[in-house]
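K.L.:
Mind looking over this structure? Questions follow.
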Amino acid sequence: MSRKNYYRPLGLFLILALLVGGIPFTLTWFVFRPSARLSHTPAALGLSFEDVTLTTSDNVRLHGWYVPANEKNSRAELLFFHGNAGNISNRLDSIEIFHNLGLSVFIFDYRGYGQSGGRPSVAGTALDARAAWQWLTEEKKIPPGKVVVFGRSLGGAIAMELMRSEVPGALILESTFSSLSEMVRIPFMVPLARHVTGDAWNSAEAARTLTVPALCIHSPDDRLVPYQLGRSLYNAVGSEKTFLEISGGHNEGFLDSIDTYVPALDAFLTKRFGRSQSF
């Protein structure tokens with residue numbers, strides 16, 4: 001199926017859903033696909049972890065895990081923003097990779113996901129991101145310069161909203177898009193998306209003012225978030241930047257490309273934080 005034909009059924013569905021349920025409901029249903037059940041914990045990998053509960057500024061309780069790095073090879077902290085489906089228990093492969101790279105990992109569920117309260121929304125995810133950042137930098141007392149912000153897919157857009165006001169030590173964006181309106185890809189639908197989200201998830205705009213080193217990762221085989229949107233986001237980054245092209249689909253590309261993916265992450269982290277790992 002061509003990319004043009006791929007998006008035609010999606011556009012027709014969105015039009016119908018808008019007529020039936022209204023713009024906010026449609027966007028929420030289309031973007032957020034949470035799962036409540038946690039299938040595993042980091043203990044399944046033999047990793048110790050801390051169950052974390054934090055509260056947002058609008059009094060929503062969020063749940064997450066803090067997985068500390070081994071003391072002998074610890075070099076930084078990773079704040080993990082996951083994608084739009086499932087919950088934190090579906091990210092154990094990535095947690096293990098980052099742990100082996102000498103990073104302590106703080107991953108949390110947005111409102112409405114996993115054991116977090118509330119219902120997901122565009123505005124809500126921004127509050128969730130800020131609460132997670134504050135927990136790591138204020139309660140855990142990690143200096144911002146020692147934090148790596150990582151966002152995959154939708155998590156990249158949520159991370160970029162946080163980057164409008166915060167300055168971590170480094171930023172990694174994987175399989176994410178330049179703006180939500182470009183993801184819609186139906187010209188007359190763009191104003192509707194912008195009406196709901198405003199400037200939220202306009203990652204390309206936020207990227208122009210970045211001051212931290214950024215690593216952008218994307219696969220030409222990605223059929224969910226088109227490769228050209230990942231390249232567009234990379235081109236917009238105004239700070240020191242690196243692009244890694246991987247292979248494989250949207251959800252499994254990092255695993256399919258593990259032999260190039262992990263060394264590239266290590267090289268990026270070593271340049272910023274030192275202490276290269278051995279593979």
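The values are calculated or read from the model by the stated rules, or taken from the named source; none is laboratory data. Remember, predicted model here, so these are calculated numbers, not experimental data. Cβ coordinates were reconstructed from backbone atoms using ideal geometry, including for glycine residues, and neighbour counts include every protein chain displayed.
K.L.:
Here are some residues: LEU54, LEU47. Which one is over 16 Å from PHE98 (Cβ atoms) and modelled with pLDDT of 95 or more?
P.N.:
Exactly one residue qualifies, and that residue is LEU54.
K.L.:
Let me ask something else. Being more than 26 Å from LYS271 (Cα to Cα), without any contact (Cβ under 8 Å) to a residue 12 or more places away in the chain and either out of contact with any Leu (no Cβ under 6 Å at 6 or more places or on another chain) or not acidic (Asp, Glu) (or both) narrows it down to one residue among GLY46, GLY117, GLY112; which is it? Walk me through how you get there before you give the answer.
P.N.:
On the way: GLY117 fails: without any contact (Cβ under 8 Å) to a residue 12 or more places away in the chain; GLY112 fails: without any contact (Cβ under 8 Å) to a residue 12 or more places away in the chain.
Answer to the selection: GLY46.
K.L.:
Then there is this: Which of the residues spanning region 139-182 are in contact with a helix residue (DSSP H, G or I) (Cβ under 6 Å, 6 or more places away or on another chain) and assigned to a strand (DSSP E or B)?
P.N.:
Scanning region 139-182 gives VAL149, GLY151, ALA170, LEU173.
K.L.:
While we're looking at this one, here's another question. Considering only residues that are out of contact with any Lys or Arg (no Cβ under 7 Å at 6 or more places or on another chain) and crowded, with 21+ Cβ neighbours inside 10 Å, look in region 227-241 and name the one that is farthest from SER181 (Cα to Cα). Give the steps one after another, and end with the answer.
P.N.:
Start the filter on region 227-241 by keeping residues that are out of contact with any Lys or Arg (no Cβ under 7 Å at 6 or more places or on another chain), which leaves 227-233, 235, 237, 239-241.
When the remaining residues are screened for being crowded, with 21+ Cβ neighbours inside 10 Å, the result is 229-230, 233, 237.
Values: LEU229: 11, GLY230: 14, LEU233: 13, VAL237: 18 Å.
Ranking the qualifying residues of region 227-241, first place goes to VAL237.
K.L.:
Which of the following residues is over 15 Å from ARG61 (Cβ atoms), of a type in the set (Ser, Thr, Tyr) and surrounded by 20 or more Cβ atoms within 10 Å (Cβ to Cβ): SER165, SER116, SER153?
P.N.:
Working: SER165 fails: surrounded by 20 or more Cβ atoms within 10 Å (Cβ to Cβ); SER116 fails: over 15 Å from ARG61 (Cβ atoms).
The match here is SER153.
K.L.:
Shifting gears a bit: Against the definition (buried (at least 19 other Cβ atoms within 10 Å of the Cβ), in contact (Cβ under 8 Å) with a residue 12 or more places away in the chain and among the hydrophobic types (A, V, I, L, M, F, W, C)), how does LEU224 come out, yes or no?
P.N.:
no
K.L.:
Same structure again: Out of (1) crowded, with 24+ Cβ neighbours inside 10 Å; (2) closer than 27 Å to VAL262 by Cβ, the odd one out for ASP128 is which?
P.N.:
(2)
K.L.:
For GLN134, state whether it is polar (S, T, N, Q) and assigned to a loop (DSSP other than H, G, I, E, B). Lay out the reasoning, then the answer.
P.N.:
Numbers: polar (S, T, N, Q): yes; assigned to a loop (DSSP other than H, G, I, E, B): no.
Criteria not met by GLN134.
K.L.:
Restricting region 270-279 to residues that are surrounded by fewer than 15 Cβ atoms within 10 Å (Cβ to Cβ) and not in a helix (DSSP H, G or I), which is modelled with the highest pLDDT?
P.N.:
GLY274
K.L.:
Something else about it: May I ask you to list the residues in region 206-232 that are modelled with pLDDT of 95 or more and either on the phi > 0 side of the Ramachandran plot or charged (D, E, K, R) (or both)?
P.N.:
Across region 206-232, the qualifying residues are ARG208, ASP221, ASP222, ARG231.
K.L.:
Also: Which of the residues that make up region 229-279 are farther than 22 Å from SER203 by Cβ and β-branched (Val, Ile, Thr)?
P.N.:
Within region 229-279, ILE258, THR260, VAL262, THR270 qualify.
K.L.:
State the number of residues belonging to region 246-269 that are surrounded by fewer than 16 Cβ atoms within 10 Å (Cβ to Cβ) and farther than 18 Å from LEU92 by Cβ.
P.N.:
The qualifying residues number 6.
K.L.:
Another question about this same structure. Six or more apart or on different chains, Cβ under 6 Å: which pairs go from a residue in region 50-73 that's over 15 Å from PHE108 (Cβ atoms) to one that's part of a strand (DSSP E or B)? Could you list them?
P.N.:
PRO68/SER104; ALA69/LEU103; ALA69/SER104
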